[in-house]
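The values are calculated or read from the model by the stated rules, or taken from the named source; none is laboratory data. This one's a predicted model, so the numbers in the text were calculated from it and none came from an experiment. A quick note on method: Cβ atoms are made from the backbone with ideal geometry, for glycine too, and the neighbour counts reach across all protein chains shown. Areas reflect the complete protein model, heavy atoms only, side chains present, ligands, DNA and RNA absent. Shrake-Rupley method; radii C 1.70, N 1.55, O 1.52, S 1.80 Å.
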Amino acid sequence: MDHTAEKPLVIQMIQNEVREAAAKLGRKGEVMISDPDAVVELFDIYPANEWMAMETEHETPQMLFGNFWLEGELCILFADTNMGKSLLAVQLADSITRGQPIAPFTLGAEASPVLYIDFELSGKQFEQRYTDGQNRYHFATEFYRGEYNQFNRASSHYQKLDRYVIEALTRGIKRTDARVLIIDNITCLRNGTESAGAALLLMKELKKLKTRHGVSILVLAHTPKRNPRLPLSRNDLQGSKMLINFCDSAFAMGESHSMPGQRYLKQIKQRSTAETYGADNICLAQLERHNGFLKFVFTGHDCEKNHLRDTSRQERERMHREAKKLSDEGLSQRQVAERLGLSVGSVNRMLRPPLNLPL
């Protein structure tokens with residue numbers, strides 16, 4: 001009998017203990033490294049020219065919604081409540097599944113399945129939104145809508161709900177073979193996106209999902225109460241700036257105060273394209289219903305400053321009095337700013353005592 005072919009009992013015991021310890025550390029989220037050369041590296045490192053050669057083999061990302069959103073991007077669309085961002089998101093999903101662009105924007109990608117995760121509307125509310133009298137809109141067969149199952153109890157086994165949501169999104173992508181994922185809205189994915197650390201973790205999970213499954217992602221988000229006299233900016237996105245810092249692109253929807261009922265779109269961030277629709281060239285739009293489908297029709301371009309709320313002298317004086325009153329009631333400058341829809345700097349200037357200059 002060849003004893004050299006058998007492992008001594010003590011070695012087998014040691015190996016079993018190592019496996020059990022590694023399994024326990026894995027469950028705790030810790031990493032045990034037994035062989036450094038077998039570790040999957042954190043960074044992919046190649047000469048710059050080799051990167052250039054490798055990337056020439058990849059197809060150039062096509063436009064999904066003009067320069068606002070390209071294939072393979074993690075994009076954020078944010079707006080105030082009741083602006084119509086969900087309507088635009090459904091319109092985008094319908095456009096992509098049919099392979100038909102929303103005029104005047106380019107759709108370079110071929111028709112592909114879209115998974116729309118709707119945390120906002122119930123199924124009945126969605127049906128009513130796209131039904132006009134006897135006209136019920138018929139979406140493309142590859143437009144999949146997901147709704148949160150309130151009776152699902154599996155999430156109770158997860159310490160973090162966002163981890164469970166990411167896994168559920170992964171299963172949804174595989175089930176539908178979706179090439180595009182739209183999430184309405186980001187506040188339902190994780191509590192506390194105002195925390196830089198929480199926002200960073202969330203964006204990492206979404207970017208990992210995007211890369212692993214080769215999908216394009218559009219995430220909807222809210223703006224807090226904002227000053228309608230100021231242009232839209234990245235500072236208007238509710239929560240941490242990490243959301244903007246780590247996305248590939250972002251655009252916002254605003255309300256026109258010179259043309260009631262009109263909305264406008266403005267680019268906030270772009271990495272793969274030039275800024276086309278900035279403050280000097282916003283896209284104007286109005287809602288219309290066609291055959292039961294409620295959608296935006298884009299009517300032209302303009303400067304954003306022409307659609308901001310004008311502040312008269314009387315209005316400024318009224319805001320000044322209101323800010324003073326709230327401050328006297330004990331509210332902080334930040335609380336006053338949130339209550340009045342102003343920036344903290346504006347409130348600070350309003351409440352600053354006048355200088356007593358020597359005569």
Query raised in the report: Before we move on, is LEU42 over 22 Å from ARG271 (Cα atoms) and assigned to a helix (DSSP H, G or I)?
Result: no
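Listed here are the residues, each with its yes/no results for (1) out of contact with any Gly (no Cβ under 8 Å at 6 or more places or on another chain); (2) not small (Gly, Ala, Ser).
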residue	(1), (2)
LEU287	no, yes
PHE293	yes, yes
ARG318	yes, yes
ALA323	yes, no
GLU338	yes, yes
VAL344	yes, yes
Query raised in the report: Within segment 288-317, restricting attention to residues that are open to solvent by 100 Å² or more (accessible area, probe 1.4 Å) and either outside any loop (DSSP other than H, G, I, E, B) or over 22 Å from GLY254 (Cβ atoms) (or both), which residue is modelled with the highest pLDDT?
Result: LYS305
**Report entry** Sole residue being of a type in the set (D, E, K, R), at pLDDT 85 or above, closer than 30 Å to ALA168 by Cα and open to solvent by 50 Å² or more (accessible area, probe 1.4 Å), chosen from LYS269, LYS241, LYS208
**Finding:** LYS208
Query raised in the report: Restricted to segment 127-145, and to residues that are modelled with pLDDT of 95 or more and not in a loop (DSSP other than H, G, I, E, B), which residue is least open to solvent (accessible area, probe 1.4 Å)?
Result: PHE143
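Under the condition of being in a strand (DSSP E or B) and open to solvent by 30 Å² or more (accessible area, probe 1.4 Å), which residue from segment 246-266 is farthest from HIS307 (Cα to Cα)?
The qualifying residue farthest from HIS307 (Cα to Cα) is ARG263.
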Query raised in the report: Could you list, in sequence order, the residues of segment 52-65 that are modelled with pLDDT under 95 and not aliphatic (A, V, I, L, M)?
Result: GLU55, THR56, GLU57, HIS58, GLU59, THR60, PRO61, GLN62
Report task. Among the residues of segment 84-106, write down those that are open to solvent by 20 Å² or more (accessible area, probe 1.4 Å), within 20 Å of ASN281 (Cβ to Cβ) and not β-branched (Val, Ile, Thr). Result -> PRO101, ALA103, PRO104
Report summary line: By residue number, the members of segment 104-126 that are β-branched (Val, Ile, Thr) and part of a strand (DSSP E or B) are VAL114, ILE117
Requested in this report: Could you grab me the full set of residues in segment 221-238 that are at pLDDT 85 or above, under 17 Å from ALA337 (Cα atoms) and of a type in the set (A, V, I, L, M, F, W, C)?
Outcome: LEU230, LEU232
